[in-house]
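Visitor: Here it is, the structure in full.
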Amino acid sequence: MDRGLVVQQGGHVGTLHGLREYRLVIYPDVPCYNRIMAEKQRFSRRFGVEAGGNQFPAIVVACFYAPEGLEETLIRWVQRICGLINSFSITLNNYSGLPDHTIYLRITDCKPLRQLARQLKVIDEYICSSSGQPAWLCQHPYLPLAEELQAAVYQVAMPVYSAKTFHASFPVNELVLLVRDHPFAAPKTVNVFRFAPAHRSVEPDMARYIASLQKESL
């Protein structure tokens, strides 16, 4: 069952009273999605446990809590930030794990994702000042295959996946904002933010632009 970001991707401790849980995620393209879902199904059959087969595979870039009244401002800020970031690609290469609960697909070059998280730091500062809850921003991004495993299952499955191979690349042209009001609810899409085309020149001084956002009347 999807309990949120929990230990795996963001220190989730349950939806806080009066606040909504937001996630900014990246989805793989259709061919990569199909391969990952097929592997999730193989995992479930082999080890007799749920591998999140009803969840869309996604890379979580950020997670934060905020009241609904801040949503319009958050959307505006994220839209402007994404418009200043060029599209990029992600390559997945083989498996690794987080003992003793998660098996995931490794991302060979995490630099674009870390840069994106760094630009979203302004949201962390705004959220924290408004709700008192800091945002979680990814530093070690990955794409989970199976999460919330019991330790005994992880210890059996991890050696198997350490010997398996997986390689796929997909373009990243957008960032998706999800929301939910309860930790057991299915996330709903709030907005999709497009990145600038890879060939287009964008704002050379991102720090200056972010500073201008912070000065806006909210």
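The values are calculated or read from the model by the stated rules, or taken from the named source; none is laboratory data. Remember, predicted model here, so these are calculated numbers, not experimental data. When we count neighbours, we look across all protein chains shown, and the Cβ atoms used for this are built from the backbone with ideal geometry, even at glycine. Remember, those area values only see protein heavy atoms, side chains included, never the ligands or the DNA or RNA. Shrake-Rupley method; radii C 1.70, N 1.55, O 1.52, S 1.80 Å.
Visitor: Scan around Val61 for amide H atoms under 5 Å from its own, H built in the peptide plane at 1.01 Å from N, and keep only partners 5 or more places away or cross-chain.
Guide: Leu24, Val25, Ile26
Visitor: Further question: Give the dimensionless ratio obtained when the Cα radius of gyration of the stretch 36-140 is divided by 2.2 N^0.38 Å. Before the final figure, lay out each step's value.
Guide: Working: Rg = 16.8 Å, N = 105, 2.2 N^0.38 = 12.9 Å.
Here the Cα radius of gyration is 1.30 times the empirical estimate.
Visitor: Something else about it: Amide H neighbours of Leu145 under 5 Å, counting only residues 5+ apart in sequence or on other chains, H built in-plane at 1.01 Å?
Guide: Here the answer is Ile103, Tyr104, Leu105, since their amide H atoms fall under 5 Å of that of Leu145.
Visitor: While we're here: How many Å² of accessible area per residue for the stretch 112-156, probe 1.4 Å? Could the numbers behind the result be given before it?
Guide: Working: 2090 Å² over 45 residues.
Averaged over the residues of the stretch 112-156, the accessible area is 46 Å².
Visitor: Under a Cβ-Cβ cut-off of 11 Å, what is the net charge of the residues other than Arg20 that fall near it, where Lys and Arg count +1 and Asp and Glu count -1?
Guide: Details: positive: Arg23, Arg180, Lys188; negative: Glu21, Glu68, Glu71, Asp181.
That works out to -1.
Visitor: Expressed in nm to one decimal, what extension gain is obtained for the pair Glu174 and Thr108 from 0.36 nm per residue of sequence separation less their Cα-Cα distance?
Guide: Details: separation 66, 0.36 × 66 = 23.76 nm, distance 1.93 nm.
Between Glu174 and Thr108, full extension yields 21.8 nm more.
Visitor: Tell me the net charge near Pro57. Cut-off is 12 Å between Cβ atoms, Pro57 excluded, with +1 for each Lys or Arg and -1 for each Asp or Glu.
Guide: On the way: positive: Arg35, Lys40; negative: Asp29, Glu39, Glu147.
After counting each charged neighbour, the total is -1.
Visitor: Around Ala168, under 15 Å between beta carbons, what's the net of Lys plus Arg minus Asp minus Glu among the other residues?
Guide: Result for the neighbourhood of Ala168: +1.
Visitor: Show me, for the stretch 97-103, the HN-Hα J-couplings you get by feeding each phi into the Karplus relation (A = 6.51, B = -1.76, C = 1.60, θ = phi - 60°), rounded to Hz, glycine and proline as x.
Guide: x, 10, x, 10, 9, 9, 10
Visitor: In nanometres, what is the gap between the two model label sites at Ser130 and Ser96, each 7 Å from Cα along Cα-to-Cβ?
Guide: Result: 3.4 nm between the two label points.
Visitor: Using the Karplus curve 6.51 cos²θ - 1.76 cosθ + 1.60 with θ = phi - 60°, work out ³J(HN,Hα) for each residue of the stretch 156-165 in order, rounded to whole Hz, and write x for Gly and Pro.
Guide: Coupling constants for the stretch 156-165: 7, 6, 4, x, 5, 7, 5, 8, 8, 10 Hz.
Visitor: Rounded to whole Hz and in sequence order, give me ³J(HN,Hα) for the stretch 171-176 from the Karplus expression 6.51 cos²θ - 1.76 cosθ + 1.60, θ = phi - 60°, writing x for Gly and Pro.
Guide: After applying 6.51 cos²θ - 1.76 cosθ + 1.60, I find x, 10, 10, 7, 10, 10 Hz.
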